[in-house]
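Participant: Submitted below is the structure of interest, expressed as structure tokens.
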């Protein structure tokens, strides 16, 4: 396997940006790309910019990078590591992928969008490049079918968990064509360079961690509704009281993202028609309403909990 020094991260949302930060923590040079905005902001209009200006075209990736500096817990070990991340977009900068040793796709958890991007970038990748997806549970083999046969050998899922700097777990999921040497090489690299604890998973719906973790959260919601409990009552039980993290069930859901949680649950429901616990994964009506109202958790500053600054200190409200 080729030495990895430069990595491209495709997608500058919360997960993509924080993965980019942790790659920089590991001493890697990072290219962070995202889509081109469709409309100008009022500030851009005031500056007299157009949709053709580089400042506008790179805005989404740039804002993803800038947002890292304000995040807590801090995604960078040292803030100066941000200097190792360059930004760009999916239209102007795909040629730069040819210089990358590893390209990781981290766009929205929706198969048609992932397949479209994988097809788009294939022709721009250099020989021997490692290509991975950060999917939390979509089929790796289905994605591999969108790639040329030679590239399929270097393709697998590298599933980081949020927040990437602090969550040691890393699921590796090969496709049917993945070269065993590539899989072993990535496991060694991720363990040594990024401090990850490797778990190998098969290409089944939501792999291992989300199959168990999202089931636990959804099962807790089921009990909550049956027993007419509140969110805070459930979290008082499902946290340290039962030897789990203090984020418990619902603050964990806010951290993951309510929309992401719904994607994972719906994926389990759709892909597991014969599972005896399938109905647990049905999206609760109140969660669908939260998503409709953009109450997505930490990324929208309001989900099951709301974070506000009070007297200069961050407070979390139910």
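A short reminder: the numbers here are calculations on the coordinates, not readings from a lab. Owing to the predicted nature of the structure, the values given are computational and were not obtained by experimental measurement. Neighbour counts are summed over all protein chains in view; Cβ atoms, including those assigned to glycine, are modelled from backbone coordinates with ideal geometry.
Participant: Starting at 0 and stepping by 5 Å, how many percent of the alpha carbon pairs of the stretch 208-263 end up in each bin?
Facilitator: 5, 19, 30, 29, 15, 2, 0
Participant: Nearest 500 deg cm²/dmol is fine: what mean residue ellipticity at 222 nm does the chain get from its DSSP H runs of n ≥ 4 alone, each adding -39,500 (n - 2.57), divided by its residue count? All intermediate terms of the calculation are to be shown ahead of the outcome.
Facilitator: Working: 13 runs with 122 residues, N = 318.
Helix contribution divided over all residues of the chain: -11000 deg cm²/dmol.
Participant: Would you work out the relative contact order for the stretch 145-223, in percent, from Cα pairs under 8 angstrom that are 6 or more residues apart? Don't skip to the end; give the middle numbers.
Facilitator: Working: 78 pairs, mean separation 19.7, N = 79.
Value for the stretch 145-223: 25 percent.
Participant: Here's a follow-up. Distance between the C-alpha centers of the stretch 113-136 and the stretch 22-72? Whole Å please.
Facilitator: If we compute the Cα centre of each part, the gap is 21 Å.
Participant: OK, next. Express in % the proportion of alpha carbon pairs of the chain at distances exceeding 29 Å.
Facilitator: In whole percent, the long-distance tail amounts to 39.
Participant: Go ahead and set up a Gaussian network model of the chain, Cα springs under 10 Å, then flag whichever of 69, 295, 227 fluctuates most.
Facilitator: 227
Participant: While we're on this one: How do 204-213, 232-241 rank on mean C-beta neighbours within 10 Å, highest first?
Facilitator: Working: 204-213: 19.0, 232-241: 15.8.
Output ranking for 204-213, 232-241: 204-213, 232-241.
Participant: Here's something else I'd like to know. Between 45, 301, 70, where does the largest GNM mean-square fluctuation fall for the chain, given springs only between Cα atoms within less than 10 Å?
Facilitator: Its mean-square fluctuation being the largest, the pick is 45.
Participant: Right, another one. When a footprinting reagent is the concern and you count Cβ atoms within 10 Å, what order do 10, 190 take, fewest first?
Facilitator: On the way: 10 27, 190 20.
Ranking 10, 190 by Cβ neighbours within 10 Å, fewest first, gives 190, 10.
Participant: What ranking of 93, 53 emerges when the number of other C-beta atoms within 10 Å of each C-beta is taken as an exposure proxy, fewest first?
Facilitator: Ordered from fewest to most neighbouring Cβ atoms within 10 Å, 93, 53 come out as 53, 93.
Participant: What percent do you get for the relative contact order of the stretch 209-317 when only Cα pairs under 8 Å and 6+ apart count?
Facilitator: After rounding, I find 23 percent.
Participant: When only Cα pairs under 8 Å and 6 or more residues apart are kept, what is the percent relative contact order across the chain?
Facilitator: Values: 533 pairs, mean separation 41.4, N = 318.
Answer for the chain is 13 percent.
Participant: Where the centroid of each part is defined by its Cα atoms, how far is the stretch 166-194 from the stretch 232-300 in Å?
Facilitator: Spelled out, the Cα-based centre of one part sits 27 Å from the other.
Participant: Could you check which residue among 173, 264, 231 shows the biggest mean-square fluctuation in a GNM of the chain with a 10 Å Cα cutoff?
Facilitator: 231
Participant: So for 44, 83, 109, 222, fewest C-beta neighbours within 10 Å to most, what's the order? Before the final figure, lay out each step's value.
Facilitator: Details: 44 17, 83 10, 109 21, 222 14.
Neighbour counts put them in this order, fewest first: 83, 222, 44, 109.
Participant: Another question about this same structure. Report for the stretch 6-200 the percent antiparallel among DSSP-assigned beta bridges with both residues inside it, nearest 5. Walk me through the numbers on the way to the answer.
Facilitator: Details: 5 of 30 bridges.
Antiparallel: roughly 15 percent of the beta bridges in the stretch 6-200.
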